[in-house]
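Engineer: Have a look at the structure that comes next, please.
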Amino acid sequence: MGAYAAAYERSIADPTRFWGLAARDVRWLVPPDRVLDDGAPPFYRWFTGGELNTCDNALDRHVEEGRGDQAALVYDSPVTGTERTYTYRELTEATARFAGALRAQGVDRGDRVIVYMPMVPEAVIAMLACARLGAVHSVVFGGFAARELAVRIDDARPKAVVSASCGVEGARIVPYKPLLDEALGLARHKVERCVILQREQLHADLQRPRDVTWDEAVARAEPAECVPVAATDPLYILYTSGTTGRPKGVVRDNGGHAVALRWSMENVFGVGPGDVFWAASDVGWVVGHSYIVYAPLLTGCTTVLYEGKPVGTPDAGAFWRVAERHRVKVLFTAPTAIRAIKKEDPDGALLAGRDLTAFDALYLAGERLDPDTYHWAERMLDRPVVDHWWQTETGWPIVANLRGLEPMPVKPGSPSVPVPGYDVRVLGPDGAPLPPGADGDIALRLPLPPGTLPTLWQDDERFVEAYLDARPGYYLTGDGGRIDDDGYVWVMGRTDDVINVAGHRLSTGTMEEVIAAHPAVAECAVIGVRDDLKGQVPRALVVLKSGVLAEESELAAELVRLVRDQVGPVAALKEVTVVPALPKTRSGKILRAAMRGIADGRDVTVPSTIEDPEVLDGLRPVLGPGRP
Ligand code: COA
Ligand code: AMP
């Protein structure tokens, strides 16, 4: 039996022993009494009784163990023309001081802190400082609008917000502070303190005494020590798009998270202490949490924080420049980024001549990796290109080619095999497991491994209802697909109303809420349709209230602006079409999947429950790929 098969079997047969051994790589202040606490299914907890501090494991520990002078974080920002390196010692000192600053603002163990920041080192420092205090950070992606930020503020009820005066999006300066002020005005929860990093590109107006600058807060602060927390205490909340307009607050614990992420670095990514790891994502997404911040630092790697785009900052050679300059071993990004590079530099002219001798592999996730993009990247780089599948809820890969453990043959289009700890099954409409080759719902048998969500923030009921209720004993991933005869998993896409736009997970329900609130709109549907660059883009179909006479192009522009203002530019809604009616089932459910299928040019089986088949047929010319 190969190393992968043996590890996988051990992890499923005896998870306690498997993860108990992995836990030895974490520094515990109090060792756990139990590895897996399965006393209250469907809730499972890992490493109960244990105490640790995640920041201690990510920073202080490495300084004590001799990595003080090694680079911990390299900030590379083509958009501001800045490069800055923090050694482990420097990052520990900066974090301890900022933790002291937060404490002076009243932040304590268990308090929540919202971090609304661009890709600057201070974002990482703020996250680690919260971990140091035992406070719970909730990072909100900068591309979300004020309303989305307000929803998260009301759910997390933070003691403080850490933000910056602006972000830099290519050549555009995005003022963050007005968005924050607007969100604080919209939120019912009142935030006592905001710490604002003033960036030289744009200074923000402050509302004293609520707001203090980062520099003022730090100047007065005493460094704070690491506060011991329970393994099961929350480290962070990360809101992610669900089917409804209300985002889900995915909770991550401290102990299971540290153990799983540390294990994943060597076994999934083949990366160890001292290696340079670069996740070209954003700290606002789970990839940023896990693989820009926590996993590389828990492992004693050098992590690269890149403030730029794959193209346009300044060109499609940016990734290769960064990989060469910082001697990156593994680069992790979304397929969209590679498609953007391919579009601008199809022959890899900007790659030629780059010294990528340190470069070992390219890892891609966040959306389906289409075989064309896979083949192109592999040909250009002449290195393994590794697809892997996971989601915000799990926090680390569910299915991957575990190059650190045992590289497997690649099947382009499949992210390969289940990662140890994940019992992956495909279930049919009646909930029974399906045989190899059959398409169904991809589910994970409980218990989920360490590092995955124990619940949703202060909402056990919604956690059970959203993921567990439909198929007792399983966690439903929301993705559909199959497992083939060789055990490879094929992930074919979401089965719910979540869409993936340029690797960004968005809810069509949120966009529908915004559009439906417009006075001219009777009803609407937003669907994700296939896009060559971004994988999927949203498309809105609206039915006008009777008697409303609206100029379609004007109304469309207005709705696009509304979604941009209320959800955020990242929603990337560009196309709105007025239609006479929407296809529905007899019980009134809008047939989004059928519309999506037509828009993608697939053969669509019209459900027998359809109320009026002519409505759907009437939409074919509007939706179809051959539409004018
Ligand atoms: N703050 C403010 N605005 C932001 C933002 C942020 N952090 N991130 C994105 N936006 C804005 C963009 O400026 C853009 O605005 P525009 O409509 O005015 O141009 C809009 O949101 C859409 O952004 P994006 O989806 O990034 O599209 P793009 O056209 O700017 O770039 C790609 C296309 C492919 C280059 C880009 O999507 C990309 O780099 N994708 C990789 C995705 C990724 O890393 N995902 C993380 C999961 S691994
Ligand atoms: P997020 O929670 O933002 O990480 O998005 C998770 C969703 O992205 C998954 O449920 C999938 O729909 C999709 N996804 C992520 N990685 C892959 C992949 N490698 N292949 C196919 N879909 C993916």
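Engineer: Which of the residues spanning the range 310-320 are open to solvent by 30 Å² or more (accessible area, probe 1.4 Å) and in contact (Cβ under 8 Å) with a residue 60 or more places away in the chain? Break it down into steps so the answer makes sense when it comes.
Structural biologist: Initially, the range 310-320 is screened for residues open to solvent by 30 Å² or more (accessible area, probe 1.4 Å), giving 311-312, 314-315.
Across the range 310-320, the qualifying residues are Gly312, Pro314.
Engineer: Continuing with this model, one more query. I'm trying to understand the selection: among the residues of the range 207-230, which are in contact (Cβ under 8 Å) with a residue 24 or more places away in the chain, in a loop (DSSP other than H, G, I, E, B) and open to solvent by 20 Å² or more (accessible area, probe 1.4 Å)? Before the answer, list the steps.
Structural biologist: Here is the first cut: in the range 207-230, the residues in contact (Cβ under 8 Å) with a residue 24 or more places away in the chain are 207, 212, 214, 217-218, 220-230.
Checking the rest, the ones that are also in a loop (DSSP other than H, G, I, E, B) come to 207, 220-228.
Selection gives Gln207, Arg220, Glu222, Pro223, Glu225, Cys226, Val227, Pro228.
Engineer: Which residue, of Val622, Val570, Val563, is assigned to a helix (DSSP H, G or I), without any contact (Cβ under 8 Å) to a residue 60 or more places away in the chain and not hydroxyl-bearing (Ser, Thr, Tyr)?
Structural biologist: Answer to the check: Val563.
Engineer: Ok, one more. Filter the range 535-553 for residues that are modelled with pLDDT of 95 or more and of a type outside the set (A, V, I, L, M); which is nearest to Lys309 (Cα to Cα)?
Structural biologist: Among residues in the range 535-553 that are modelled with pLDDT of 95 or more and of a type outside the set (A, V, I, L, M), the one nearest to Lys309 (Cα to Cα) is Pro538.
Engineer: While we're looking at this one, here's another question. What are the residue pairs meeting all of these: first residue in the range 280-309, first residue in a helix (DSSP H, G or I), second residue open to solvent by 10 Å² or more (accessible area, probe 1.4 Å) and within 15 Å of ligand 2 (Cβ to nearest atom), Cβ atoms under 7 Å, and 6 or more apart or on different chains?
Structural biologist: Pairs that qualify, where the first residue is in a helix (DSSP H, G or I) and the partner is open to solvent by 10 Å² or more (accessible area, probe 1.4 Å) and within 15 Å of ligand 2 (Cβ to nearest atom), are Val286/Thr392; Val287/Ser281; Val287/Gly366; Gly288/Ser281; Gly288/Asp282; Ile292/Ser281.
A quick yes/no check of all residues on (1) more than 22 Å from Asp56 (Cα to Cα); (2) among the charged types (D, E, K, R); (3) part of a helix (DSSP H, G or I):
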site	(1), (2), (3)
Leu73	no, no, no
Arg97	no, yes, yes
Leu128	no, no, yes
Ser138	no, no, no
Gly143	yes, no, no
Val151	yes, no, yes
Asp154	yes, yes, yes
Asp181	yes, yes, yes
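Engineer: What number of residues in the range 153-182 are open to solvent by less than 10 Å² (accessible area, probe 1.4 Å), more than 13 Å from ligand 1 (Cβ to nearest atom) and within 22 Å of the chain's Cα centre (by Cα)?
Structural biologist: 5
Engineer: Kindly check whether there is at least one residue in the range 41-50 that is open to solvent by 30 Å² or more (accessible area, probe 1.4 Å), farther than 28 Å from Pro158 by Cα and modelled with pLDDT of 95 or more. Walk me through it before giving the result.
Structural biologist: At the first step, the residues of the range 41-50 found to be open to solvent by 30 Å² or more (accessible area, probe 1.4 Å) are 41-45, 49.
Going one step further and asking which of them are farther than 28 Å from Pro158 by Cα, we end up with 41-42.
Then drop every residue that is not modelled with pLDDT of 95 or more, which leaves 41-42.
Scanning the range 41-50 turns up at least one residue that is open to solvent by 30 Å² or more (accessible area, probe 1.4 Å), farther than 28 Å from Pro158 by Cα and modelled with pLDDT of 95 or more.
Engineer: A further question on this structure: What is the one condition in (1) crowded, with 20+ Cβ neighbours inside 10 Å; (2) polar (S, T, N, Q); (3) over 29 Å from Ala5 (Cβ atoms) that Thr452 does not satisfy?
Structural biologist: Unmet condition: (3).
Engineer: Keeping to the range 192-203, report how many residues are without any contact (Cβ under 8 Å) to a residue 40 or more places away in the chain, part of a loop (DSSP other than H, G, I, E, B) and under 28 Å from the mean Cα position of the chain (by Cα).
Structural biologist: 1
Matching residues to (1) part of a helix (DSSP H, G or I); (2) without any contact (Cβ under 8 Å) to a residue 24 or more places away in the chain; (3) open to solvent by 70 Å² or more (accessible area, probe 1.4 Å):
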| site | (1), (2), (3) |
| --- | --- |
| Ala7 | yes, no, no |
| Arg10 | yes, no, yes |
| Arg24 | yes, yes, yes |
| Arg27 | no, no, no |
| Asp38 | no, no, yes |
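Engineer: If I ask for residues that are under 22 Å from Trp285 (Cα atoms), assigned to a helix (DSSP H, G or I) and within 11 Å of ligand 1 (Cβ to nearest atom), which ones from the range 310-344 would you list?
Structural biologist: Result: Ala318, Phe319, Pro335, Thr336, Ala337, Ile338, Arg339, Ala340, Ile341.
Engineer: While we're on this one: Can you name every residue in the range 482-518 that is within 11 Å of ligand 2 (Cβ to nearest atom) and open to solvent by 40 Å² or more (accessible area, probe 1.4 Å)?
Structural biologist: Trp490, Met492, Arg494, Thr495, His504
Engineer: I'd like to know if the range 112-124 contains one or more residues that are touching a Cys at 6+ places or on another chain (Cβ under 6 Å), open to solvent by less than 10 Å² (accessible area, probe 1.4 Å), away from ligand 2 (no atom under 16 Å from the Cβ) and not in a loop (DSSP other than H, G, I, E, B). Working first, answer last.
Structural biologist: As a first pass, look at the range 112-124 and keep what is touching a Cys at 6+ places or on another chain (Cβ under 6 Å): 113.
Narrowing the set further to residues that are open to solvent by less than 10 Å² (accessible area, probe 1.4 Å) leaves 113.
Right, trim to away from ligand 2 (no atom under 16 Å from the Cβ) and you get 113.
Now restrict to residues that are not in a loop (DSSP other than H, G, I, E, B): 113.
Scanning the range 112-124 turns up at least one residue that is touching a Cys at 6+ places or on another chain (Cβ under 6 Å), open to solvent by less than 10 Å² (accessible area, probe 1.4 Å), away from ligand 2 (no atom under 16 Å from the Cβ) and not in a loop (DSSP other than H, G, I, E, B).
Engineer: Restricting attention to the range 385-397, does a residue exist that is of a type outside the set (Asp, Glu), under 18 Å from Val330 (Cα atoms) and more than 11 Å from ligand 2 (Cβ to nearest atom)?
Structural biologist: Yes, some residue in the range 385-397 is of a type outside the set (Asp, Glu), under 18 Å from Val330 (Cα atoms) and more than 11 Å from ligand 2 (Cβ to nearest atom).
Engineer: Another question about this same structure. Quick one: Asp479 ticks every box in (1) surrounded by fewer than 24 Cβ atoms within 10 Å (Cβ to Cβ); (2) away from ligand 1 (no atom under 16 Å from the Cβ); (3) in a strand (DSSP E or B) except a single one, so which number is it?
Structural biologist: (2)
The values are calculated or read from the model by the stated rules, or taken from the named source; none is laboratory data. Bear in mind the structure is a predicted one, so any value in this text is a computation, not a measurement. When we count neighbours, we look across all protein chains shown, and the Cβ atoms used for this are built from the backbone with ideal geometry, even at glycine. These accessible areas exclude ligands, DNA and RNA; they are computed on the full protein's heavy atoms, side chains included. Shrake-Rupley method; radii C 1.70, N 1.55, O 1.52, S 1.80 Å.
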